[in-house]
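One structure is given below, encoded as structure tokens.
The values are calculated or read from the model by the stated rules, or taken from the named source; none is laboratory data. Treat the numbers as computed from the prediction; the structure is a model and nothing was measured. With ideal geometry, Cβ positions are generated from the backbone for all residues, glycine too; neighbour counts draw on all protein chains shown. Heads up: the accessible areas ignore ligands, DNA and RNA and are worked out on the full protein's heavy atoms, side chains in. Shrake-Rupley method; radii C 1.70, N 1.55, O 1.52, S 1.80 Å.
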Amino acid sequence: MTMWRNALIVADLHHRVEFEVISRPELDPADFNRRFDPDTFDVVLIETTTEPHEAYTALLDRPITTAAPATHEAGPDLRHQYSAGDPAWRNQIAVGALEVFELIDGPARLFEQTPAPPIPEPPTNATMAVGH
């Protein structure tokens with residue numbers, strides 16, 4: 001929640017957007033609609049190929065708005081930049097999220113871990129015996 005709150009503040013949307021952790025709305029649609037009056041709150045889901053918004057429209061008996069998230073081209077390898085001491089890796093993480101990422105020691109946890117070795121390929125001339 002801290003990451004989302006920070007991101008909203010930095011984007012100057014904190015006065016227009018509210019969020020809270022709730023149980024799944026389909027478990028109690030009446031309570032969801034009571035708490036989040038359709039005349040006051042919009043329900044927004046990310047567009048997917050599975051079309052869950054149609055099910056939510058029926059379950060919640062209210063319009064559902066869909067949004068397509070902006071695509072983001074992956075920048076240079078963050079681990080490489082971090083390891084080289086290049087602070088530019090920070091520019092690739094959303095403001096607001098960066099503070100939380102650093103607070104939980106994310107750079108060390110993510111970038112300083114040695115990747116697992118690759119799984120070796122089995123020999124092409126291998127023979128397999130199966131007992132019974």
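Which one, Ile104, Ile22, Pro52, projects farthest toward the positive side of the charge dipole computed for the range 1-104 from Cβ point charges (K/R +1, D/E -1)?
Checked the options; the winner is Ile104.
What is the range 1-115's relative contact order, in percent, from Cα pairs under 8 angstrom and six or more apart in sequence?
On the way: 80 pairs, mean separation 37.2, N = 115.
Dividing the mean separation by the residue count of the range 1-115 yields 32 percent.
When all protein chains stay in place, what accessible area (Å², nearest 10, 1.4 Å probe) is found for Leu110?
90
Suppose each label sits 7 Å from its Cα in the direction of the beta carbon; what would the Ala88-Thr114 distance come out to in nanometres?
Those two pseudo-labels are separated by 2.9 nm.
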